[in-house]
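Participant: For reference, the structure I am asking about is given below.
The values are calculated or read from the model by the stated rules, or taken from the named source; none is laboratory data. Predicted, not measured: the structure shown is a model, and the values here were computed from it. Here the Cβ positions follow ideal geometry from the backbone for every residue, glycine too, while neighbour counts run over all protein chains shown. Accessible surface is based on the protein model in full, side chains and every heavy atom, while ligands, DNA and RNA are left aside. Shrake-Rupley method; radii C 1.70, N 1.55, O 1.52, S 1.80 Å.
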Amino acid sequence: MIVSVNWLRKFTDITMPIDELATLIGARLVEIESITDLSEKYKDVLIVKVVECAPLAGSDHLNLTKIDDGGVAKDVERDEKGFVQVVCGAPNVTAGMLAAWLPPSSTVPETFGDKEPFILTAKNLRGVMSNGMLASAKELDLFDDHTGIVEINTEAKPGTKFADIYELNDYLLDIENKSLTHRPDTFGIIGFAREVAAISGNVFVTPEWLAHEQPTYGEKIGDIAAPTVTIDDPKLSARYQAVVLSSADASRKSPFEIQTYLARVGVRPINAVVDVTNYLMMLTAQPLHAFDYDKLVAVSGGKADIHVRSGKIGEKLELLDGRTIELTPEDIVIAAGDVAIGLAGAMGGANTVIDEHTKNIIVESATFNLYNLRATQMRHGIFSEAITRFTKGQPAALTAPVLANAVQLASEWANAKRASDVAEATGTNIDTPSIEITAGMVNALLGTQLTLDDIKTTLLSVEFAIAEVRKETISVAAPYWRGDIHIPEDVIEEVGRIRGYDSIPLTLPSRDFTAVSPSQFDQLRAKLRSILIRAGSNEVLSYSFIHGDILQKAGQKPEDSYRVSNSISPDLQYYRQSLTPSLLQLVHPNIKSGFESFALFELNKTHPKQRGTTDEAVPDEANALALTIASKKKQQGAPYYEAKKILDFMAQSLGLTFDYVAIEQEVPYPTATPFEYRRSAMVVDRASGERIGMVGEYKKSVIKGFKLPEYVAGFELDTDATMRATQKGSGNYQPLSRYPSSERDICFQVSVDVPYVGIVSAVEKALETTDLQFVVSPIDIYQPEDGDTKNITVRIKLTSSDRTLDATEISDTIKNVTNAVITSTHATVI
């Protein structure tokens with residue numbers, strides 16, 4: 001956002017140097033990214049009078065002129081009368097006019113700051129000398145108009161500096177406006193000037209025409225019926241006003257000084273009617289829009305019937321920029337009858353555009369739901385000055401005084417007359433509360449020693465209303481343009497900000513600063529993070545909000561997620577139900593970036609709708625841990641066992657033992673939805689019985705939707721359940737043995753309906769009766785396509801903590817294990 005210092009000076013005194021002003025604004029209001037000094041660009045431009053003008057011999061468009069610069073320019077060839085000769089090709093150059101002249105040796109402002117700026121010289125054109133040039137608005141770098149030279153319509157003495165007449169000895173402040181998102185008033189020059197006055201210690205008084213919430217609209221001339229205005233859904237707009245102006249001359253231009261101010265803050269002047277709306281938007285932060293009245297009436301079937309409504313599915317609208325967009329129910333539409341004529345707050349429709357034939361216009365002054373407009377802005381890629389301001393939340397009370405001033409300016413600049421009464425409709429509005437504070441409250445929070453009078457003076461400087469309720473207590477009411485003030489802390493923050501946080505005395509806190517030990521849960525999270533990194537996986541951190549497409553690709557239903565009404569992006573519309581979809585959407589991009597095999601994990605929160613809401617009516621949070629392993633290369637074995645291997649390592653490091661329970665049918669819970677239940681297992685802590693989560697491979701539809709490789713699997717765990725399991729468990733720490741281990745591989749042939757876990761459970765139960773340390777791991781599972789049996793091979797690692805195992809003891813132990821498995825599963829050892 002660009003702010004002109006000279007424009008600010010029209011509303012408040014600014015006497016300090018620009019560097020001090022920028023520092024003050026940066027400390028107490030908003031960061032300034034850069035400062036542009038316009039005076040350097042325009043220092044050589046002079047206002048001159050064209051005293052002679054005649055066609056140049058041999059040319060069909062050039063004119064030979066003599067100009068009077070009052071003798072100001074130095075080192076310029078002059079005639080006996082002191083006039084300077086200039087050749088000009090502009091069609092509008094005439095004798096007697098005032099123009100802007102760039103003398104020889106001056107830099108053309110349009111090229112100012114370029115690597116090779118265009119510096120003028122006296123040169124011979126068609127046999128005559130031309131000294132410098134008479135400049136157009138484009139060459140003066142004001143706006144893109146090269147149809148003719150600038151015509152000076154104000155009284156000025158020849159030789160006067162162009163910058164002095166049009167106040168171009170100016171500084172432009174480039175504001176980093178993201179920190180002003182909660183302050184729509186500061187997106188207008190008047191609101192910004194109010195803040196500058198307050199932080200400078202000056203009293204500010206809002207212009208009288210803007211301070212009245214119920215203004216007068218001037219004399220009505222004409223008998224056009226006021227349009228009917230209806231807000232179909234009160235949530236879409238707090239207030240919508242419209243008035244008809246007749247006899248508007250769209251061919252007229254706004255005053256040149258106004259055009260220069262619009263141009264220097266980045267707005268292109270167009271014509272008097274459009275410039276009225278843009279000027280008032282930049283001045284007050286209230287966007288306006290003008291429709292061609294006659295076109296609107298034709299579209300709506302013979303009457304001006306305006307509706308503020310939601311867009312319809314499949315409905316299309318051609319915008320002023322030539323694009324045709326498809327509307328959605330989240331868009332707010334301005335409609336004439338049933339026909340959309342504008343995308344509210346963003347851009348008007350081509351079917352009611354104002355052109356050179358326009359005579360009657362409807363001026364709209366309204367406010368719209370900022371959350372809808374933020375979504376519209378992102379969805380349709382519209383980042384206009386208007387929607388930038390609407391998405392900050394314009395107050396409904398601002399529409400009337402700005403509309404009244406628009407009527408007045410349209411009359412002055414475009415000869416328009418108010419031809420109808422003002423039509424108005426209101427929706428849902430928010431009242432500004434009165435807030436009680438005391439000096440003690442302010443000082444306790446800020447660490448200051450302010451009196452109640454100090455506080456009053458500070459708040460009055462930004463036009464808060466103050467009333468004394470009782471001794472040492474005041475009631476504060478924010479002005480209508482301050483919708484960000486709701487609680488006492490807001491008022492106290494305002495006092496501290498305006499007076500300057502740097503003016504608060506520096507004192508050390510009196511309370512003891514004792515380091516807080518991390519909670520058991522935080523310690524567990526840190527331990528889990530460390531374990532998984534040691535296992536070779538990589539931690540990621542993703543948004544808690546995701547796109548509905550991600551939910552659908554994971555097999556989850558968007559209606560089972562909480563939807564964010566004011567999402568900052570169309571890609572972040574829903575709370576996620578589980579962590580796994582967030583990880584899966586990262587697999588394909590990482591593979592495309594050249595990472596062929598990897599494991600990703602995330603420790604974060606989820607908000608499944610099934611958990612309901614808290615006592616504060618916000619979505620309940622669930623703590624979760626998810627991991628996904630993926631490999632582009634073809635691997636031996638099933639990816640399930642790779643994920644299980646990491647999970648077993650994690651359990652062992654935590655002193656837990658997990659059991660893996662086969663799943664008989666689809667589990668109707670978000671965590672389980674992405675997994676193929678036939679190739680997955682529920683994870684249960686053996687000691688406590690806590691259900692920890694799920695591990696397995698993903699459904700084919702999920703793999704296809706996320707473009708995953710074939711070798712992919714993962715797990716998702718309930719971190720709170722893991723915490724409970726660690727608290728209930730006693731740990732399984734065993735010191736490293738000094739004696740060698742012994743390994744044996746055993747292959748069991750079993751019926752196809754016997755799961756791997758059945759073999760492992762029988763092995764482990766048999767070994768638990770011994771005093772040996774053991775590890776059971778899978779080696780191979782082989783099953784013929786048409787067979788009714790399968791072979792499961794496991795490796796048993798045996799270790800004693802106090803002796804070396806001999807062959808007899810190992811054989812006896814393995815024999816007991818095989819007998820236990822045969823008894824439990826009717827297996828055959830092969």
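Participant: Of the residues ALA651, ALA662, only one is among the hydrophobic types (A, V, I, L, M, F, W, C) and closer than 27 Å to LEU551 by Cα; which?
Facilitator: On the way: ALA651 fails: closer than 27 Å to LEU551 by Cα.
Every option except ALA662 fails the conditions.
Participant: Hey, another quick one. Report, by residue number, each residue of region 652-697 that is of a type in the set (D, E, K, R), part of a loop (DSSP other than H, G, I, E, B), more than 21 Å from GLN610 (Cα to Cα) and touching a residue at least 24 places away in the same chain (Cβ under 8 Å).
Facilitator: Listed by number, the list holds a single entry, ARG686.
Participant: Is it the case, given these coordinates, that THR15 is open to solvent by 30 Å² or more (accessible area, probe 1.4 Å), of a type outside the set (Phe, Trp, Tyr) and not in a loop (DSSP other than H, G, I, E, B)?
Facilitator: Values: open to solvent by 30 Å² or more (accessible area, probe 1.4 Å): yes; of a type outside the set (Phe, Trp, Tyr): yes; not in a loop (DSSP other than H, G, I, E, B): no.
In short, no.
Participant: While we're on this one: Of all residues being modelled with pLDDT under 95 and of a type in the set (Ser, Thr, Tyr) in region 137-165, which is farthest from GLU31 (Cα to Cα)? Just the residue, please.
Facilitator: THR147
Participant: So how many residues does region 496-537 have that are assigned to a loop (DSSP other than H, G, I, E, B), under 23 Å from MET723 (Cα atoms) and without any contact (Cβ under 8 Å) to a residue 40 or more places away in the chain?
Facilitator: Qualifying residue count for the region: 4.
Participant: Moving to a separate point now. Restricting the search to region 154-191, which residues are of a type in the set (Asp, Glu) and open to solvent by 10 Å² or more (accessible area, probe 1.4 Å)?
Facilitator: Let us first name the residues in region 154-191 that are of a type in the set (Asp, Glu), namely 155, 164, 167, 170, 174, 176, 185.
Once the filter is applied, which keeps residues that are of a type in the set (Asp, Glu) and open to solvent by 10 Å² or more (accessible area, probe 1.4 Å), region 154-191 yields GLU155, ASP164, GLU167, ASP174, GLU176, ASP185.
Participant: Right, here's the next one. Looking at (1) open to solvent by 10 Å² or more (accessible area, probe 1.4 Å); (2) of a type outside the set (Lys, Arg); (3) touching a helix residue (DSSP H, G or I) at 6+ places or on another chain (Cβ under 6 Å); (4) within 23 Å of ALA197 (Cα to Cα), which is the only condition LEU409 fails?
Facilitator: (4) is the only condition that LEU409 fails.
Participant: If you don't mind, another one. Out of VAL712, VAL702, which single residue is touching a residue at least 60 places away in the same chain (Cβ under 8 Å), in contact with a Pro (Cβ under 8 Å, 6 or more places away or on another chain) and either part of a helix (DSSP H, G or I) or basic (Lys, Arg) (or both)?
Facilitator: The unique qualifying residue is VAL702.
Participant: Counting just the residues of region 289-303 that are surrounded by 24 or more Cβ atoms within 10 Å (Cβ to Cβ) and either without any contact (Cβ under 8 Å) to a residue 24 or more places away in the chain or among the aliphatic types (A, V, I, L, M) (or both), which one comes out farthest from PHE187 (Cα to Cα)?
Facilitator: Checked region 289-303; the qualifying residue farthest from PHE187 (Cα to Cα) is LEU296.
Participant: Does ASP431 satisfy being within 15 Å of TYR480 (Cβ to Cβ), open to solvent by 20 Å² or more (accessible area, probe 1.4 Å) and acidic (Asp, Glu)?
Facilitator: On the way: within 15 Å of TYR480 (Cβ to Cβ): yes; open to solvent by 20 Å² or more (accessible area, probe 1.4 Å): yes; acidic (Asp, Glu): yes.
When the stated conditions are applied, ASP431 passes them.
Participant: Within the bounds of region 748-769, is there any residue that is loosely packed, with under 13 Cβ neighbours inside 10 Å, part of a loop (DSSP other than H, G, I, E, B) and on the phi > 0 side of the Ramachandran plot?
Facilitator: The answer is no, given that none of the residues of region 748-769 is loosely packed, with under 13 Cβ neighbours inside 10 Å, part of a loop (DSSP other than H, G, I, E, B) and on the phi > 0 side of the Ramachandran plot.
Participant: State all residues of region 18-35 that are β-branched (Val, Ile, Thr) and surrounded by 16 or more Cβ atoms within 10 Å (Cβ to Cβ); if no residue qualifies, say none.
Facilitator: Result: ILE25, VAL30, ILE32.
Participant: Quick one: is ALA807 open to solvent by 20 Å² or more (accessible area, probe 1.4 Å) and in contact with a helix residue (DSSP H, G or I) (Cβ under 7 Å, 6 or more places away or on another chain)? Spell out how you get there, then give the answer.
Facilitator: Values: open to solvent by 20 Å² or more (accessible area, probe 1.4 Å): yes; in contact with a helix residue (DSSP H, G or I) (Cβ under 7 Å, 6 or more places away or on another chain): no.
Judged against the criteria, ALA807 is not a match.
Participant: Also, I was wondering about something else. Enumerate the pairs (first residue in region 12-26 and under 19 Å from PHE204 (Cβ atoms); second residue anywhere and exposed (fewer than 13 other Cβ atoms within 10 Å of the Cβ)) with beta-carbon separation below 8 Å, excluding pairs fewer than 6 apart on the same chain, so at least 6 apart or on different chains.
Facilitator: LEU24/MET16
Participant: Assuming GLY301 fulfils every condition listed in (1) in contact with a Gly (Cβ under 6 Å, 6 or more places away or on another chain); (2) closer than 17 Å to MET347 by Cβ apart from one, which condition is it?
Facilitator: Every condition holds for GLY301 apart from (2).
Participant: Let me ask something else. Testing THR628 on (1) touching a Pro at 6+ places or on another chain (Cβ under 9 Å); (2) hydroxyl-bearing (Ser, Thr, Tyr); (3) buried (at least 18 other Cβ atoms within 10 Å of the Cβ), one condition comes back false. Which one is that?
Facilitator: Here THR628 clears every test but (1).
Participant: Here is a further query. Which members of region 545-571 meet the condition of being assigned to a loop (DSSP other than H, G, I, E, B), among the aliphatic types (A, V, I, L, M) and in contact with a Ser or Thr (Cβ under 9 Å, 6 or more places away or on another chain)?
Facilitator: Correct list: ALA554 only.
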